[in-house]
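Okay, structure first, notes after.
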Amino acid sequence: MSPVNPRGPMNPQPPDASGAASPSVAERVRGRLRTGLGLIGPRHGRHALSAEQVDALALPIGDDGVVIGVDAEGQPAVLGLNRPTPYDVVLIGSLWTAQVLALRAAATGARVAVETGRAQAWMQMVHAMGGGQNGLAVHEVGRVPPQGASAGTPVLVVRDCGMRPPRGRVVSGPWQSVVTLLPYLSPVAPRLIRQARLVGVQRISPDEAAELGRAMALPRADVEALPTLPDGVTLWCGDRDRQYVMTQPTDAEIGLLGTPRRMD
């Protein structure tokens, strides 16, 4: 027969120095679990920094979004299109730039819905991306269905509807950004610019640059630079920032869309 445990369930615990009975192992474990959130893990030394070391701490975290090119210092310029709040962008520029933006947004996992009156200009992209099954679909003007955007499936709507785009049925909302492409500064541009959170401007005429400078309160240097911008360069203007960005296509983008160009 196996020996009997002298501290089995029928045997009381020996008293401690004060005369009270010591708690059992099970009682001690239960008491410690009640003060925590699970089993007691291994003990490690604490990681601590002095106040002097905190200033030297750096984390390699960058902006999240679509890389739209490089800035004047050659650093990546990132456009955050997937947002939990409505976000409207106006691009006064080329179809080429809008298509590169759509391709790169789709590559980040966003679904892209294109509203256009020139569907043939987008068909090559649709075919290259699997016939609309892989994140890009083309719709006639005024025929974009509800997209069902969410944090897991963000949506970019590209409105390529000419100089006077009608008011869209599908508007910006949580996780659904809208980019409106204008080939030139049109009569509806001031209204769209007032509503936009971000405006991109490519090469325009001196008269257009002067008019846009007044509408957006641009510095004189930017007004003078706009008529001379090379193909592929965009002046992006946000709430408080302005930045010139050169969009450099990849080999795959050149094969599909060609080299940067202002005119379509």
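Taken together, the values in this text are just the output of simple stated rules run on the coordinates, not laboratory data. Because the structure is predicted, anything quoted here is derived from the model rather than measured. Here the Cβ is made from the backbone with ideal geometry for all residues, glycine too, and neighbour counts use every protein chain on show.
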Checklist entry - Considering only DSSP states other than H, G, I, E and B, which trypsin sites (Lys or Arg not before Pro) in region 114-205 qualify as loop sites with at most 15 other Cβ atoms within 10 Å? => result 118, 143, 167, 169, 197
Next on the checklist: Starting from 0.36 nm per residue, how many nanometres of slack lie between residue 194 and residue 75 once their C-alpha separation is accounted for?
Outcome noted: 39.9 nm
Next on the checklist: Using C-alpha positions alone, give me the convex hull volume of region 124-241 per residue in cubic angstrom.
Outcome noted: 132 Å³
Checklist entry - Loop-only check: which chymotrypsin sites (Phe, Trp or Tyr not before Pro) in region 142-240 are DSSP coil with at most 16 other Cβ within 10 angstrom? => result 184
Checklist entry - Using all Cα-Cα distances in region 61-109, what percent lands in each 10 angstrom bin from 0 up to the longest? => result 22, 55, 22, 1
